[in-house]
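Below is one structure, written out as structure tokens; the observations come after it.
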Amino acid sequence: MKKIFIVTGEASGDNLASKVISKLKETNSNIKFSCVGGSNLEALGIKSIFNLKEITYIGFTSVILNFFKIKKRINQTIEEVIKFDPDILFTVDSPEFTLRVAKKVKSIKPSIKTIHYVAPQVWIWREKRIKQFKKFLDHILLLFEFETEYFNREKIKNTFVGHPLIEKKINKKIELSNIIKTDKKIISIFPGSRESELNILLPILSEFIKLMNKKSEAYFFIFHSTKENREKIHSFVKKQEYKNCDVISNEDIKNKILSQSVFAVAKSGTISLEICSLNIPSIIIYKINYINFFIMKLLVKVKFANIINIINKKEIIPELLQNECNSYEIFKTVNYFLKNPNLMNEQIQITKKTLDGIKSKTFSSNEACLILKNYLS
């Protein structure tokens, strides 16, 4: 029996991994799995060796403060991989965790094939890392076609598979009237998946909702959550006693709600691509402590945080970062867009054109699944 060990480092990686493994299970039932993952992989019957929250930290200082916890989990993961003795170690995103595991596993047992999904963003910072990847990665799966030049230069085997968040989805029939008992316009809110992000952004977003409600009662606010964070966000929202706010964690329902939204406010990250793919106007927000932000500014080579803005070399999607990430600025920016439909339409048209330029010809999960199959055969 063939074996695959999957290593993710946060909720988004767990989600990406599950899409690929789900495809693989459709045609290959004779594969044994183990993982470091979350609720999405668990739903496929693959139990994680520990809770993903134990390694999900944001910013340089948080990682340093939790260094020994993370180190312990890295060593535990390495031991479990070696014990499991897989044909493939499939690492997904979160390079500071997953690639440390892959590097050590490869040095202990070179026969294990190492395949990494979602390349570290070397085009944003620390490009020299690529030379190290060559020593322990057998194959790297890329989300964006322009990334191929970086890995071709070092002769690292790579495949452009495309980004799963910008693929056309097969929508399940969901009647929202059974879920949301209102005719108000929906504003989707994405507060992030890490606990540290939620602790910073939830109070800011709550004040934003209060400001919106003072101005108009026309909107209903939906927090999009992971299953792991649903209770935390729901508990926070409940204390605010909003009558026009809810929390959703079901992936199919979240997708349907987003597609029916008039606007979205999202923590900076890959979710922005999914929002754009559904032609929903948006802004992104982001806030970390000042030490982390200062270090990031020193290391990062690009002007913008959002991939759409990076590709276009100008701000298409407003970025409210650090000091600008406050309830009033969010309120002011969202209202400005809502009052200017032409501005929202312009953003949608530009993002649509940008996404058309970076899409793969087929589904990302299909392409990634094919690579795994090739290494198993």
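The values are calculated or read from the model by the stated rules, or taken from the named source; none is laboratory data. Bear in mind that the values here come from a model prediction, so they are computed numbers and not experimental data. Using ideal geometry, Cβ is built from the backbone for each residue, glycine included, and neighbour counts are taken over all protein chains shown.
Okay, here's what the table says:
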{"quantity": "Complete set of residues in the range 92-149 that are in contact with a strand residue (DSSP E or B) (Cβ under 7 Å, 6 or more places away or on another chain), in contact (Cβ under 8 Å) with a residue 60 or more places away in the chain, charged (D, E, K, R) and surrounded by fewer than 23 Cβ atoms within 10 Å (Cβ to Cβ)", "calculated": "K113, D138, E145"}
{"quantity": "Top-ranked residue in the range 195-239 [being in a loop (DSSP other than H, G, I, E, B) and touching a strand residue (DSSP E or B) at 6+ places or on another chain (Cβ under 8 Å); ranked as nearest to K185 (Cα to Cα)]", "calculated": "A218"}
{"quantity": "Cross-chain or 6+ apart pairs with Cβ under 6 Å, the range 295-308 first and under 21 Å from K128 (Cβ atoms), then in a helix (DSSP H, G or I) and modelled with pLDDT of 70 or more", "calculated": "V302/I310"}
{"quantity": "Listing of helices (runs of 4 or more DSSP H) fully contained in the range 284-350 that carry 1 or more residues being modelled with pLDDT under 95 and surrounded by 15 or more Cβ atoms within 10 Å (Cβ to Cβ)", "calculated": "290-299, 307-312"}
{"quantity": "Test for I233: is it over 15 Å from F208 (Cα atoms), modelled with pLDDT of 95 or more and touching a Phe, Trp or Tyr at 6+ places or on another chain (Cβ under 8 Å)", "calculated": "yes"}
{"quantity": "Test: residue in the range 109-126 that is more than 15 Å from E10 (Cα to Cα) and part of a helix (DSSP H, G or I)", "calculated": "no"}
